[in-house]
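Working notes, beginning with the structure itself.
The values are calculated or read from the model by the stated rules, or taken from the named source; none is laboratory data. What you are looking at is a predicted structure, and each value in this text was computed from that prediction instead of being measured. Every residue, glycine as well, gets a Cβ built from its backbone with ideal geometry; the counts of neighbours run over all protein chains shown. Note: areas computed on protein heavy atoms with side chains; ligands, DNA, RNA excluded. Shrake-Rupley method; radii C 1.70, N 1.55, O 1.52, S 1.80 Å.
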Protein chains: 2
Amino acid sequence: MKKIITYGTFDLFHTGHLKLLQRLKNLGDHLTVAVSTDEFNASKGKKTIIKFEDRIKIVSNIKCVDAVIAEDSWDQKEADIISNNISVFGMGSDWEGKFDDLNKYCKVVYLPRTEGISSTEIKKSLHPIDKVNINELKRALDIMSSIVEQLD
Amino acid sequence: MKKIITYGTFDLFHTGHLKLLQRLKNLGDHLTVAVSTDEFNASKGKKTIIKFEDRIKIVSNIKCVDAVIAEDSWDQKEADIISNNISVFGMGSDWEGKFDDLNKYCKVVYLPRTEGISSTEIKKSLHPIDKVNINELKRALDIMSSIVEQLD
């Protein structure tokens, strides 16, 4: 059996995530997905909308996913590959070249990401306020504050 | 085989959706999910973050879901129940009592929704601006505009 592993956050699970997981699964027979914990994300200065317990629950309930594990450190990959008998380590092409040293343990592949869909894009699309330059707003606020001070 | 059907929008798919689908599936052997189209939502004055094609793709890739169909009108349920040989029509308890007339065709159940998680809550949590009363902002803007007019 050919086993694949991938790593990710999977915040606000969307079809970009789904397509990547399906493409990875098509490389073999069994797909393990490592989902980053909230603590690990915090150590990278990253905060998700959806908490770890819910992110991993959604991923584990996707049809092409056979197993899930927690990702809580940068250096667990070697041990994960060996202990899970992994043949292919796969990531989205935004990580191109970053994990080539894992070639010692298994095949490393980078698959194209879906254009035009990402958690970040979804978050941006939610509120018109994002279309306003926040620095412009801050500048306007500063000017108004100084007027108020003069009026007081 | 005992077949269940449910209807919903499933915007920003989350664990509340997942739990409801799993509970529904546990009532029988086969779960059909009808996902509302963008046109149907528009007719109700409702707009989703995620478009229909992506919402139905995610739902159809959830392990406990056996089939998906499109929901594009209020009055398709009777025909769906009959043509799919449905035994149980199930909805979240926010719809309690609303579909009791379907009891003529199959069993109608309303299952509890998960407290504290909904697409609306997720959207609200995304931006601090939502915590500001938008009417207060508009009032402040009106006052500032009238001051600017007097200064001009």
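For the range A:36-58, give me each residue that is within 13 Å of chain B (Cβ to nearest Cβ) and either of a type in the set (Asp, Glu) or out of contact with any His (no Cβ under 8 Å at 6 or more places or on another chain) (or both).
Correct list: A:LYS47, A:THR48, A:ILE49, A:LYS51, A:PHE52, A:GLU53, A:ASP54, A:ARG55, A:ILE56, A:LYS57.
Which condition from (1) open to solvent by less than 40 Å² (accessible area, probe 1.4 Å); (2) closer than 17 Å to B:THR15 by Cα is the one that A:LEU31 breaks?
So the condition that A:LEU31 fails would be (2).
From B:THR120, B:THR37, B:THR6, grab the single residue that is open to solvent by 20 Å² or more (accessible area, probe 1.4 Å) and not basic (Lys, Arg).
Only one candidate passes the filter, namely B:THR120.
Among the residues of the range B:59-73, write down those that are away from chain A (no Cβ under 14 Å) and open to solvent by less than 20 Å² (accessible area, probe 1.4 Å).
Passing the criteria: only B:GLU71.
Can you list residue pairs whose Cβ atoms sit under 8 Å apart, with the first residue in the range B:74-87 being open to solvent by 90 Å² or more (accessible area, probe 1.4 Å) and the second being modelled with pLDDT of 95 or more? Count only pairs 6 or more apart in sequence or on different chains.
Pairs that qualify, where the first residue is open to solvent by 90 Å² or more (accessible area, probe 1.4 Å) and the partner is modelled with pLDDT of 95 or more, are B:ILE82/B:TYR105; B:ASN85/B:LYS3.
With respect to B:ASN103, is the statement that it is among the polar types (S, T, N, Q), open to solvent by less than 20 Å² (accessible area, probe 1.4 Å) and either within 14 Å of chain A (Cβ to nearest Cβ) or in a helix (DSSP H, G or I) (or both) true?
no
Going by what's in this entry, would B:ALA70 be described as out of contact with any Leu (no Cβ under 6 Å at 6 or more places or on another chain), assigned to a strand (DSSP E or B) and on the phi < 0 side of the Ramachandran plot?
yes
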